[in-house]
Amino acid sequence: MAFQLFEGKEHASVYQKYRFMPPTELKDIIIQYLDNKKGPPHVLAVDLGCGTGLNTRLLAPHFKQVVGLDVSECQLEEARAVPGYPNITYRKGTAEELPFADGSVDLLAAASAAHWFDQSKFLAEANRVLKPGGCIALLGFAINNTSFSYKDCGNKLSLIFEEVRQVLKPYTTKPVALCESKLEDLYSAIPYPDKERIESFQEKSFTTVRNLVGFISSWSMFQTFKMKDPQRAEDLLVNTQKRFLDEMGVTSPDTEMEQQWAYFCVLASKPQ
C-alpha cells in the first residue's frame with residue numbers, strides 16, 4: 001500500500017481503545033451473502049487491513065480459520081493481545097500481495113481499509129486467491145452522515161462534530177475521499193457481474209464524550225494534522241471535548257450520548 005499512516009505504537013493503542021466493531025447485523029448480511037453465493041463450508045476468511053482485529057474477531061465464529069493481515073506490526077501486536085480466539089492468526093502483509101494459494105480463500109473482507117488499497121493490484125490478487133463463488137466484502141462508515149443526540153441538544157452536537165471534520169478536511173488524503181464516496185470507483189472496477197453496494201446501513205448506539213473525542217484522534221486526518229502541528233492538534237481535542245460538555249450541560253467526559261452512523265458495504269462474488 002502506498003499509504004502507511006497507522007503503523008506507530010501510540011496510534012495503534014489509540015486505534016484499539018477507541019475504534020468500534022462494525023455492526024453485527026451488517027456482518028450477518030455478509031455471511032448470508034457468502035452462504036447464498038458459495039455455500040458452506042466456510043473454511044478461510046482473510047481480513048485485509050485488519051488493524052487491531054475488530055472485524056477479524058467479528059468474523060471468527062463463522063469460519064474454520066481467519067487470518068488478519070496488516071502492514072503495521074504495532075497494530076498486529078494490539079490484535080494479538082486480545083485473548084480467546086484460537087482460530088485467528090495475524091500476519092504482516094498487504095492486500096496487493098496476498099500470501100495465500102490460488103483458489104484457497106472463501107471471503108476477503110476489509111473494514112474501513114479498502115480505500116487504502118492499490119485498486120488494480122488488489123482486484124487481481126482477489127481474483128487469484130478466491131475460490132469459485134468466494135466473496136469480497138468491503139465495508140466502512142460515512143462520517144458525513146453521522147448524528148448525535150443528548151436530551152434536546154442533538155443538532156448542536158452534530159454541528160460541533162461537523163465543524164471538527166471541516167477543520168481536519170485539509171488533511172484528508174485521496175484514499176479517504178474514496179472512502180467518503182462509499183468506494184464508488186472501486187465498486188465500478190470490480191470485474192464480477194454479481195456485485196452489489198449497500199449505501200446506507202444505519203446503526204444507533206451510545207458513546208461517551210471521552211470515547212468520541214478519542215475516536216476522532218484515531219482518524220488518519222487527525223494523525224496527519226498532529227504530525228504537522230502537535231500543539232494545535234492537542235488543543236483541538238481539548239476544545240472539542242469542552243464544547244461537547246458545555247453544550248450538554250455536564251462536566252463528566254464519561255457522560256453518554258446517542259450516536260447514529262451510516263455504514264456502507266460493497267459485496268461481490270467470483271463466478272463459479
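The values are calculated or read from the model by the stated rules, or taken from the named source; none is laboratory data. What you see is a predicted model, and the numbers here were worked out from it, not measured in a lab. Cβ: placed from backbone, ideal geometry, glycine included. Neighbour counts: every protein chain shown. These area figures cover heavy atoms from the full protein model, side chains too; ligands, DNA and RNA do not enter into them. Shrake-Rupley method; radii C 1.70, N 1.55, O 1.52, S 1.80 Å.
Just for the chain, what percent of DSSP beta bridges are antiparallel, to the closest 5? Antiparallel bridges: around 55 percent, rounded to the nearest 5. Solvent-accessible area of the chain (1.4 angstrom probe, protein heavy atoms only): carbon and sulfur portion equals 50 percent.
If you run the Gaussian network model on the chain, springs between alpha carbon atoms under 10 Å, then out of P23, P40, P86 the most flexible one is P86.
Between F117, A81, L107, the Cα set farthest toward the positive side of the dipole of region 59-182 (charges on each charged residue's Cβ, about the Cα centre) is that of L107. Within straight-line reach of K37, meaning a Cα separation under 15 Å, sit the following aspartates and glutamates at least 8 residues removed in sequence or on another chain: D28, D106, D194, E196. Seen from every direction in turn and averaged, the convex hull around the alpha carbons of the chain projects onto 13.7 nm².
Each residue of region 151-263 gets 111 Å³ once the volume of the Cα convex hull is shared out per residue. Subtracting the Cα-Cα distance of S205 and D185 from their residue separation scaled by 0.36 nm leaves 4.2 nm. Computed per residue of the chain from DSSP H runs no shorter than four, each worth -39500 (n - 2.57), the mean residue ellipticity at 222 nm is -12500 deg cm²/dmol. Approximating the spin labels as points 7 Å out from Cα along Cα→Cβ, the A124-to-R232 distance works out to 4.0 nm. Computed over protein heavy atoms with a 1.4 Å probe, the accessible surface of the chain works out to 45 Å² per residue. Here the extension length gained between D194 and T172 equals 4.7 nm, from 0.36 nm per residue of separation less the Cα-Cα distance.
Coupling constants for region 259-264 follow from the phi torsions by the Karplus curve (6.51 cos²θ - 1.76 cosθ + 1.60, θ = phi - 60°), and in residue order they are 10, 10, 10, 9, 8, 10 Hz; glycine and proline get x.
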